[in-house]
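What follows is calculated from the coordinates using simple rules that are stated; it is not laboratory data. Worth saying up front: this structure is predicted, and the values here are computed from it rather than measured. Note that each Cβ is placed from the backbone with ideal geometry, even for glycine, and that neighbours are counted across all protein chains shown.
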C-alpha cells in the first residue's frame, strides 16, 4: 500500500512541475508555439523547476512554506497541467519523456541519503517550512551558508501527505527532463542527412548523466548543476552552428544558466560561456535591445538577485565563501576573517590536505604553490580521479568501436576553439583552486576529453540510417547499466539496511539533524538573547521590523 501511495504522489508531483512549466512557457517565453508542432516535455519541465524556484523565493520573503501554502501551490500546478493537456489539446512529444520517466523508478528508491542530507539539507528545508526569510542563519552552522535554490524548490513539497520524503524530486526531475531532451536530440537525428555535433554530444551526455551519475542519493546540489551545464553547452554549440540567432535557444540558455547559478552560486564562473555567445550576436551597446528581445531576462534577473539576497541573509556574503563579496556592513554576517577561514578550509579539503580524521600541520605552506600536489596525487588522484578518467576512456573506446572513424580530422575546430579554450581555462581554475570532482571537475574533465572525439566523429559524415543499430546498442547499454547499477544498489541496501521498497519505499530519516523550531526560541526584550534548552546561549537575536536577526557572540 505504501509503495502504491509513493508512486501516485511522485506521479502527481511531476505533473505539477510540468503544469507550471506549461503556464510559464505559454505566457512568459518564446517557447510557446504549442499548437503548430509537438513540444518537448523536457524543456517545459525545466521551465517548471525554474518557475517554482521563483515562486518559492518570492513567497518565503513574506511567510513560511506551510502545509496549506504548499498544497495550494501543488494543486494549482496539477490544474495547469490538466487544463492545457485536456482542454487546449497541446501536442506533446511524450515517447521520450515516458522512457525517461519510467527509467527514473530505478533511481528514486533508496534508503541511504546523501551524507549532507541529514547534516544540513533537511534542516535548511525544514527552516523554510517553519519560518519566513531569516537573517544570520549561517551563524548556527557553516553549512547553512551554502544556499541552493534546490532547497527552496523542495520546501514547496512538504505537506501532510508527502511529509519529508520527496526532497529528491528536484534532482530527479532535472535528470528526467534533461534525459528527455537528449533522447529527442539522438533519435530526431533520423530526419537529418548526417549525424552532427549535437548528436554526438547528446550521446556522451546520456553516458555522463546515466552511467557516472546513476545514484541519485549522491547528487546533493553539485551534480544537478553540472548536468544542466552539459545541456547548456549543447545549446551553445547549436547557436555557434546556426547562421542566424535562434531566439528560442538563446532564451532557454538564459533560463538554464540562471538555474545553474541559483543551484550553486560558485558556478557563476561558468557564465563566461554565456557572455561569449552573447557577444557573438550582440554588442555591449545593444544591451537595451537585448532586453527588449528577451523579456525573460527580467525573470532571470529577479531569480539571480533573490539568490544574492538569500546568500546575504544567511552569511552576509553575495557569493559565499568568496571573501571580497563579504562586506562587514551586515552585523549578522560572518565577517571577512571568518569567511577566509572557511574558504581556506574548503580549499584544503579539496586538495586532500584534510579529511574527517586527518589534517596537515602547516596549512599555509601546504596550500602555497603546488606543494599540495604530491599528497593530492596519492590520496585523491589515486583512486577516485583515476577511476573517473578510466571510466571516461572506456566510454570513448566503446563509442569509437561502434562508429569506427576512418579519417582522423577535426573539421571546423576553429569555429569551436574559443569555447573549448574557455573550458580549458575553467579546468585550470578548478585544478589550481579546488581540484575535487564535486566542485565542477566531473563536467569540465568530461567535456575536455569527449568534445574532440565528438568533433572527430562529426567529420566522418555518418548517417542515422547507416548507424542505426550501433546507436540503439549504445543507447541500450547506457540504460541497462543505469538500471542494473541501481538494481544492484537496491539489493545491497536490502542486505545491509533491510530496505524493502515494496513495504516501505521511503529513505532513512535521521533524528539528529539540526532542527530550528520557532516556538522554542524565546526573545527577551531586556537582554536580547535567544535560548533553546540553554544550548545556544551564545546566539543572540534582535528583532528589526518583521524580521529576526541572529548573530554569534562566541569568539573563535
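Over the chain, what is the relative contact order in percent, taking alpha-carbon pairs closer than 8 angstrom and at least six residues apart? Taking the mean separation of contacting Cα pairs over the length of the chain, I get 21 percent.
Site pair residue 119 and residue 345 shows an inter-label distance of 1.0 nm when each label is modelled 7 Å from Cα along Cα→Cβ. Normalised by 2.2 N^0.38 Å, with N the number of residues, the alpha-carbon radius of gyration of the range 21-174 equals 1.14. Equivalent ellipsoid of the chain: semi-axes from √(5λ) of the C-alpha gyration tensor, largest first, are 38, 29, 25 Å. Alpha-carbon geometry of the range 426-513: the Rg and the Dmax are 20.4, 58 Å, given in that order. If you line up the long axis of helix 247-263 against the longest principal axis of the chain, both from Cα atoms, how many degrees apart are they, to the nearest 10? With rounding to tens, the tilt is 40 degrees. Where both bridge residues fall in the chain, DSSP classifies roughly 75% of the beta bridges as antiparallel. Treating r as the C-beta distance of residue 276 and residue 432 and R0 as 30 Å, the FRET efficiency rounds to 0.90.
Listing 370, 195, 456 from fewest to most neighbouring C-beta atoms within 10 Å gives 370, 456, 195. Among 444-453, 168-177, the peptide with the highest mean count of other Cβ atoms within 10 Å heads the list, and the full ranking is 168-177, 444-453.
For the chain, the longest principal axis of the Cα atoms and the long axis of helix 413-433 meet at an angle of about 30 degrees. Between residue 58 and residue 371, the FRET efficiency estimated from the beta carbon spacing at R0 = 51 angstrom works out to 0.60. For the chain, the mean residue ellipticity at 222 nm estimated from helices alone is -18000 deg cm²/dmol, where every DSSP H run of n ≥ 4 contributes -39500 (n - 2.57) and the total is divided by all residues, rounded to the nearest 500.
In the range 135-187, the C-alpha radius of gyration followed by the widest Cα-Cα span (Dmax) gives 15.7, 51 angstrom. Exposure proxy shown here: for 345, 332, the number of other Cβ atoms within 10 Å sets the order, fewest to most, as 345, 332. Working value for the range 2-327: equivalent-ellipsoid semi-axes of 29, 25, 20 Å, each the square root of 5 times a Cα gyration tensor eigenvalue, largest first. As a calculated quantity, the FRET efficiency between residue 358 and residue 95 at R0 = 41 Å, using C-beta atoms, amounts to about 0.20.
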